[in-house]
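S.K.: My questions will all concern the structure given below.
The values are calculated or read from the model by the stated rules, or taken from the named source; none is laboratory data. None of these values were measured; they are calculated from a predicted model. All Cβ positions, glycine included, derive from the backbone under ideal geometry; neighbour counts span all protein chains shown. With ligands, DNA and RNA removed, areas are computed over all heavy atoms of the protein, side chains included. Shrake-Rupley method; radii C 1.70, N 1.55, O 1.52, S 1.80 Å.
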Amino acid sequence: MKRFFTPFLIIAIGAILLCIYLLFMDETGWGTFAAIYIGILAVVTFLIDFFLKKAKVGLGKIFLIQLAIISVIGFIYYYGERTQTLEISDNFEKEYVSIVYGVENEKGLSINPFTWTKTIEIPKNGILLTSSDFNTNLPETEMKFNSGILLGSEQTDKHLVEIGDYQLELNNKLYKYRSWKIQEGFCCAHSSNEVKERTVELIAELNSVEKASR
């Protein structure tokens, strides 16, 4: 009973083999660090497998428990990888892309806890105003052209740089926004002056929208 192969035992053996490969074959310089984490995974999975067998739990129950643990961990991991894709035109000329949240009378992003992927079209001026709450967001963000080419891929020398989350004030109301920078060549950096300049641009855009709605 204690010698049969289970999912966790297979994972532990595979992790140990991968550690050996990384320690002796990897030439990137990160092999040792990766081997440490993978080695911890191997030890943990082996110990869980060992104690389950020590408790004399039936074979079927051991498989169910281990598969349930793997499923939960896998779901949590992939749930954290949900991705929103910002789509820009192929001839997009702006350097920055921003989404301003909580703007009345603007369209929502239609993102909810069950949204796995979402494509968000960005206007030509690089500023998207939305009525959605600031927390209406997916964990990962990427950007692509209309042609489908992803920034940061081998098909383009342009990269997406996340500037961060900020807020601005207009007419005694606070708006939160996220900004990204489209950078060519060396990646990835931005300055505080760029953030200030972008904030001024967003205030001007919001101001013009508010005036037009009056």
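S.K.: Out of the residues in the stretch 9-32 that are open to solvent by 90 Å² or more (accessible area, probe 1.4 Å) and at pLDDT below 85, which is farthest from the chain's Cα centre (by Cα)?
M.R.: Here the answer is PHE24.
S.K.: A further question on this structure: Being under 18 Å from GLU121 (Cα atoms), open to solvent by less than 20 Å² (accessible area, probe 1.4 Å) and either in contact with a Leu (Cβ under 7 Å, 6 or more places away or on another chain) or modelled with pLDDT of 85 or more (or both) narrows it down to one residue among SER147, SER179; which is it?
M.R.: SER179
S.K.: Would you tally the residues in the stretch 43-58 being over 36 Å from the mean Cα position of the chain (by Cα) and part of a helix (DSSP H, G or I)?
M.R.: 2
S.K.: In the stretch 108-138, which residues are in contact with a Gly (Cβ under 7 Å, 6 or more places away or on another chain) and surrounded by 14 or more Cβ atoms within 10 Å (Cβ to Cβ)?
M.R.: THR130, SER131, SER132, PHE134
S.K.: Only residues that are surrounded by 10 or more Cβ atoms within 10 Å (Cβ to Cβ) and among the small types (Gly, Ala, Ser): list them for the stretch 59-79, please.
M.R.: Once the filter is applied, which keeps residues that are surrounded by 10 or more Cβ atoms within 10 Å (Cβ to Cβ) and among the small types (Gly, Ala, Ser), the stretch 59-79 yields ALA68, SER71, GLY74.
S.K.: Shifting gears a bit: Going by the conditions given, is SER191 over 19 Å from the mean Cα position of the chain (by Cα), among the small types (Gly, Ala, Ser) and over 30 Å from ILE76 (Cα atoms)?
M.R.: yes
S.K.: Consider only pairs whose beta carbons are under 7 Å apart and that are at least six residues apart or on different chains; among these, list those whose first residue lies in the stretch 119-137 and is more than 11 Å from ILE99 (Cβ to Cβ) and without any contact (Cβ under 8 Å) to a residue 60 or more places away in the chain and whose second residue is buried (at least 19 other Cβ atoms within 10 Å of the Cβ) and hydroxyl-bearing (Ser, Thr, Tyr).
M.R.: Close Cβ pairs (under 7 Å, with a partner that is buried (at least 19 other Cβ atoms within 10 Å of the Cβ) and hydroxyl-bearing (Ser, Thr, Tyr)) amount to ASP133/TYR101.
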